[in-house]
Ligand SMILES: [Zn+2]
């Protein structure tokens, strides 16, 4: 956090702790074409960072090197920031997967679900602010033309159905922290078409812009 003088009034620069989900050794979900989720998250992070910084938001990178040793070390590293934002890419339950062979590799896919979703925990110490930021991100994504997935319901109930926000109470990165926290799922990498879209630089930039617009709307509206 930092404050500076602007035209005689104290302006406030919000700070976002931007977390790259998973790690080099535990890459998370495996895409339809065999790419680990961590690599999608790592590719999106600097694009989101740039979009946040363009709005005057300070970014504290978390786990850009992919070497975070434990889930709880991430929120600890975020301490003092205004928002913890964890970037992820989504999968589907195992029973929804079908086998296929791509470039000689036996893999699995599911073309049934595509789209983004946003997750918050009621166990977070700031559930109201977390929920507001999640709703703002979801609303901004929809306004930019991105379509949510609905496959996390009913396992994870809606916190804000219109804006694709779910209660996901037991995620460690969301509740083992002292600050508002949001987990963003950019899209479903088990979906063969969406996997390709999620790696498209122009689309990634549009998505990052939508995320940053939502974050800025939320953080600059927060009472000080
Ligand atoms: Zn993940």
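At a glance:
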quantity	calculated
Shape category assigned to region 118-224 from the gyration tensor of Cα positions, a/c cut at 1.5	oblate
In degrees, nearest ten, helix 37-53 long axis to first principal axis of the chain (Cα)	30
Ordering of 205-214, 94-103 by packing [mean C-beta count within 10 Å, highest first]	205-214, 94-103
Distance between region 157-212 and region 67-102 - C-alpha centres, whole angstrom	10
Gyration tensor verdict on region 170-224 (Cα atoms; rounded if a/c is under 1.5, prolate if a/b is larger than b/c, oblate otherwise)	oblate
Helical mean residue ellipticity (222 nm; -39500 (n - 2.57) per DSSP H run of 4+; nearest 500) of the chain	-9500 deg cm²/dmol
Crossing angle, helix 201-219 versus the chain [Cα axis fit, 0-90 degrees, rounded to tens]	40
Shape of region 46-148, Cα gyration tensor, a/c cut at 1.5	prolate
Share of Cα-Cα pairs in the chain lying beyond 28 Å, as whole percent	25
Length released on extending from residue 64 to residue 122, taking residue separation times 0.36 nm less the Cα-Cα span	18.2 nm
Cα-projected label distance for residue 103 with residue 193, points at 7 Å along beta-carbon direction, nm	2.2
Angle between the chain longest axis and helix 127-143 axis [Cα atoms, degrees, rounded to 10]	60
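Every number here is computed from the coordinates shown, using simple stated rules; none is lab data. Computed from a predicted structure; not experimentally measured. Note: ideal-geometry Cβ built from the backbone for every residue, glycine included; neighbour counts use all protein chains shown.
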